[in-house]
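Only one structure is covered here, and it is reproduced in the block below.
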Amino acid sequence: MKTKAIIAAIGLSLSLTACATEHDKMADASMKAMPFSGPDSVSYSQDLWKALGAAKLVNSPSSNPAPYKGVHPHGAVLTTATSKVTIGGHTGKVIVKKNYGGEGVSTGSVASDPAKYPKAVTVMFQREEGYDPEDQNWFWAKFTPDGGLAKNDKGMQLAGRVAKGKPVGCISCHTSAPGGDMIFTN
């Protein structure tokens, strides 16, 4: 009787372990399939914002290149800076687009007083090989001017593979960039 109980307990333990392992695999696959806003993407975006600050690409007077007339969805006036930053031992290309808008915004008004018109900071960071090879390993994020993550109309934070596989959004738009590198500002 005691032997049967031990065998039953071992069988139950193995079944629970198999179920937990399968659940973990499904959760991992679900996170990888998630087009954006998963916990890993949100956490990585926070590291990215810190790296941008350290490189003086945000929140610094020296991070304001010449403004130019913008296009939807970014803003009426934009500035763009390119550089390289390091996150977790990986150094990659980064493109930082500051988006300006509001009453009275113009390239001249932004050049004179950039702190008056900020709307968002959109960022492309080229991550390590294997992150998203289909889209050249770009990590996308849209930040509020103070470094928080912006959200879409469904409340999803905009970080990671933003709108991957969707007909609109960062990836679908940038796929049409000339040069095949997903970058419009070459």
From phi via Karplus (6.51, -1.76, 1.60), per-residue ³J(HN,Hα) for segment 161-175 in Hz, x at Gly/Pro: 8, 4, 6, 4, x, 9, x, 9, x, 3, 5, 5, 5, 6, 4
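Using 23 Å as the Cα-Cα cut-off, could you pick out the over-long pairs in K84/K166; K116/K166; K69/K154; K93/K142?
On the way: K84/K166 28 Å; K116/K166 34 Å; K69/K154 29 Å; K93/K142 17 Å.
Beyond 23 Å between Cα atoms: K84/K166; K116/K166; K69/K154.
About its Cα centre, what dipole magnitude does segment 35-174 give when the only charges are +1 on Lys and Arg Cβ and -1 on Asp and Glu Cβ, stated in debye to the nearest 20? List each step's numbers first, then the result.
Values: 16 positive and 11 negative charges, 49 e Å.
Dipole of segment 35-174, to the nearest 20 debye: 240 debye.
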Debye intensity ratio in log₁₀ form over the Cα atoms of segment 68-186, taken at each q of 0.15 Å⁻¹: -0.71
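Each reported figure results from applying straightforward, stated rules to the coordinates on display, with no laboratory input. Just so you know, these numbers come straight off a predicted model, no measurement behind them. When we count neighbours, we look across all protein chains shown, and the Cβ atoms used for this are built from the backbone with ideal geometry, even at glycine.
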